[in-house]
């Protein structure tokens, strides 16, 4: 297995720069992973492929305005991008600016001070703020859109799912962006169940694998939670014959991290689960997902679920049919 096995050509014109309106008017590719058969629908029609008793697992994390303009003690510009909270005041961050090593201090636009405690790999730093930074985010923070999106988002809520609750992500679980309150209500009326999990998404989700052998790649760690209530809900649904359908790769990672020999177990903590072809899925029966970056851990995960050739053939079909790719792009249901 080589990283190049998961590469594909994608002209920049296919990368969606803005979301469609309304949310559920995006396109939906239906991929049968056993036969490779493909159908083309609109996302709001997804109920035609769901049955009463199926459970949609949704990640209810909320993106925080994690991009913080700052200044050095010398007055020069800098930028802090919050990645993961370690304590009330200590965060793992990406820091932009020269000469920002341990001991250097930064100040946000409203005056909140911060000290760089240690250097991590690359531009990552461990930073201690003078007080908890969360209350400063509404005033100082900006939404951290993915690096391939170059247009400013007029409404920051369009980079949140309609069911987002718990703040903590540096990126949205984008497969969920296609749902509207009305569609959720219609699916519930149809007998489809919704189970909430949490995984706080880091920016490493966009990082390409640079090693020739993907098995040598150091997978990122993210915090996730499956509550006892959610574990029980999913186990009851499965026992009754319902399918577990993960909405997005973050839900896949969470549920598979919590899967035990006899079902889903409650779990709260870090996950470094790395799903590559050859992985045996223990909990997920189908996946709703967007179209992912070449050579990313996400396209590798999807290839583990549906087969590399099947996925790459579907991506070529998507290009031929004019689908929109990545975070604000169209969706797939892989069943």
Criterion (surrounded by 16 or more Cβ atoms within 10 Å (Cβ to Cβ) and either assigned to a helix (DSSP H, G or I) or within 15 Å of the chain's Cα centre (by Cα) (or both)) met by exactly one of 298, 276, 333: 298
Residue count for the range 205-238, restricted to those that are without any contact (Cβ under 8 Å) to a residue 24 or more places away in the chain and not in a loop (DSSP other than H, G, I, E, B): 4
Residue check, residue 21 modelled with pLDDT of 95 or more, surrounded by fewer than 16 Cβ atoms within 10 Å (Cβ to Cβ) and over 25 Å from residue 243 (Cβ atoms): yes
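Check 203, 199 and return the single one that is in the same structural domain as residue 14 (by TED's automatic domain parsing) and touching a helix residue (DSSP H, G or I) at 6+ places or on another chain (Cβ under 6 Å).
Values: 203 fails: touching a helix residue (DSSP H, G or I) at 6+ places or on another chain (Cβ under 6 Å).
So the residue among 203, 199 that is in the same structural domain as residue 14 (by TED's automatic domain parsing) and touching a helix residue (DSSP H, G or I) at 6+ places or on another chain (Cβ under 6 Å) is 199.
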Residue in the range 242-273 that is surrounded by the fewest Cβ atoms within 10 Å (Cβ to Cβ), counting only those that are on the phi > 0 side of the Ramachandran plot and in contact with a helix residue (DSSP H, G or I) (Cβ under 8 Å, 6 or more places away or on another chain): 263
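Condition check ((1) buried (at least 16 other Cβ atoms within 10 Å of the Cβ); (2) more than 25 Å from residue 254 (Cα to Cα); (3) not assigned by TED's automatic domain parsing to the domain that holds residue 177) across all residues:
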{"site": "49", "(1), (2), (3)": "yes, no, no"}
{"site": "54", "(1), (2), (3)": "yes, no, no"}
{"site": "88", "(1), (2), (3)": "no, no, yes"}
{"site": "104", "(1), (2), (3)": "yes, yes, yes"}
Odd one out for residue 304 among (1) assigned to a strand (DSSP E or B); (2) modelled with pLDDT of 95 or more: (1)
Failed condition for residue 292, given (1) part of a helix (DSSP H, G or I); (2) crowded, with 21+ Cβ neighbours inside 10 Å; (3) touching a helix residue (DSSP H, G or I) at 6+ places or on another chain (Cβ under 7 Å): (1)
Check on residue 225, modelled with pLDDT of 95 or more, farther than 22 Å from residue 334 by Cβ and either surrounded by 15 or more Cβ atoms within 10 Å (Cβ to Cβ) or touching a strand residue (DSSP E or B) at 6+ places or on another chain (Cβ under 6 Å) (or both): yes
2 or more residues in contact with a helix residue (DSSP H, G or I) (Cβ under 9 Å, 6 or more places away or on another chain): qualifying strands (runs of 3 or more DSSP E) within the range 37-139: 38-42, 55-59, 61-63, 67-72, 77-85
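State whether the residues of the range 258-273 include one that is assigned by TED's automatic domain parsing to the domain that holds residue 50, part of a helix (DSSP H, G or I), without any contact (Cβ under 8 Å) to a residue 40 or more places away in the chain and over 11 Å from residue 55 (Cβ atoms).
So the first thing to find is which residues in the range 258-273 are assigned by TED's automatic domain parsing to the domain that holds residue 50, and the list is 258-273.
Add one more test, that the residue is part of a helix (DSSP H, G or I), and what stays is none.
Scanning the range 258-273 turns up no residue that is assigned by TED's automatic domain parsing to the domain that holds residue 50, part of a helix (DSSP H, G or I), without any contact (Cβ under 8 Å) to a residue 40 or more places away in the chain and over 11 Å from residue 55 (Cβ atoms).
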Scan of the range 3-32 for residues that are within 16 Å of residue 316 (Cβ to Cβ) and in a loop (DSSP other than H, G, I, E, B), ordered by number: 7, 8, 9, 10, 11
Number of the condition not met by residue 201 [criteria: (1) in contact (Cβ under 8 Å) with a residue 40 or more places away in the chain; (2) farther than 19 Å from residue 289 by Cβ]: (2)
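So which residues in the range 154-189 are in a loop (DSSP other than H, G, I, E, B), surrounded by fewer than 21 Cβ atoms within 10 Å (Cβ to Cβ) and in contact (Cβ under 8 Å) with a residue 24 or more places away in the chain, if there are any at all? Before the answer, list the steps.
The first filter runs over the range 154-189 and keeps only residues in a loop (DSSP other than H, G, I, E, B), leaving 154-155, 160-165, 170-173, 179-180.
Still in the running and surrounded by fewer than 21 Cβ atoms within 10 Å (Cβ to Cβ): 154-155, 160, 162-165, 180.
Once the filter is applied, which keeps residues that are in a loop (DSSP other than H, G, I, E, B), surrounded by fewer than 21 Cβ atoms within 10 Å (Cβ to Cβ) and in contact (Cβ under 8 Å) with a residue 24 or more places away in the chain, the range 154-189 yields 160, 162, 163, 164, 165, 180.
The values are calculated or read from the model by the stated rules, or taken from the named source; none is laboratory data. A quick note: this is a predicted structure, and the numbers were derived from the prediction, not measured. Reconstructed Cβ throughout: ideal geometry from the backbone, glycine too, with neighbour counts over all protein chains shown.
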